[in-house]
1. For each of 21, 198, 174, count neighbouring Cβ atoms within 10 Å of the residue's Cβ, then give the residues from fewest to most.
2. Once the other residues with Cβ under 11 Å from the Cβ of residue 200 are scored (Lys, Arg +1; Asp, Glu -1), what is the net sum?
3. Would you kindly calculate the mean projected area, averaged across all directions, of the convex hull enclosing the Cα atoms of the range 75-142, in square nanometres?
4. Could you put 216, 196 in order, starting from the residue whose Cβ has the fewest other Cβ atoms within 10 Å?
5. With labels modelled as points extended 7 Å from the Cα through the Cβ direction, what inter-label distance (nm, one decimal) is found for residue 77 paired with residue 153?
6. Where does the chain land at 222 nm, in deg cm²/dmol rounded to the nearest 500, when only DSSP H runs of n ≥ 4 count, each adding -39500 (n - 2.57), divided by all residues?
7. Using the Cα centre of the chain as origin and beta-carbon charges of +1 (Lys, Arg) and -1 (Asp, Glu), tell me which of 223, 124, 146 is placed farthest towards the positive end of the dipole.
8. Within 12 Å, Cβ to Cβ, of residue 120, how many net charges do the neighbouring residues add up to if Lys/Arg are +1 and Asp/Glu are -1?
Amino acid sequence: MSETSCDNIFCFIDHTLLKADSVSSRIAELCEQAIANQFCAVCILPRFVSQAADLCKGSSVRVCTVVGFPLGANETSTKVYEAAAALEHGAVEIDMVLPIGALIEGDLGYVAADIEAVCKEVLQKKGALTKVILETAMLTDEQKKIACEIAMLSGADFVKTSTGFGPGGATVHDVTLMREIVGTSFGVKASGGIKSLDQAAAMIKAGANRIGTSSSIEIIRQLKEAMKKE
């Protein structure tokens, strides 16, 4: 379930809206756009999961939401509750933020237990996926490697670069590094600051099999323009 296999960029995209001022009308528009363009998923705030699940029902678009977002500093039990509620309301993908501070200070047992607890909850729903957000801009390369290894051992399906709310977003360097660590059969999601077709294509070339972006429609517009010139 971690791999995305397709012959165009559309099905790599998690069409994303995670802003604090999100409203129901924008979620409806987001889902409509995702269905029309056959994007892989919509990624939305937890309070909109039920709405998105209803709107995307019968389509190929998956419903993704966030847990422990955006700081990763919630108690593990809170993250597990968030995941359980989201799954109950129709989410099939959970993008959780790992406890960044615990990773930085070397409390790797806590990090592993935190991820494992959420993954265990997600695994109870057939076909559901867990993506672990590293917030790579806050980490050294060695810490990124450790985080990827822990995520793999803890039952996750993907590692993801960024929340989009940290000091930086996805980079080709980080995606390349993450793909090297997790191998070919594990998911890598590039997210944060991806606003153009060139950026998205570079992330996919580097090894990403999901692209999280709020600029999906602009990327598709650029793709169509590029195709006209060929």
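1. Fewest to most other Cβ atoms nearby, the residues stand as 21, 198, 174.
2. +1
3. Details: hull surface 18.7 nm².
The number I arrive at for the range 75-142 is 4.7 nm².
4. Ordered from fewest to most neighbouring Cβ atoms within 10 Å, 216, 196 come out as 196, 216.
5. In this crude label model, residue 77 to residue 153 measures out at 2.6 nm.
6. Per the formula, -14000 deg cm²/dmol.
7. Positive-most Cα among the choices belongs to 223.
8. Details: positive: 79, 125; negative: 114, 116, 121.
Net charge around residue 120: -1.
Bear in mind these aren't lab numbers, they're just calculated from the coordinates by the rules spelled out. Remember, predicted model here, so these are calculated numbers, not experimental data. Because the Cβ atoms are built from the backbone with ideal geometry, glycine has one as well, and the counts that use them run over all protein chains shown.
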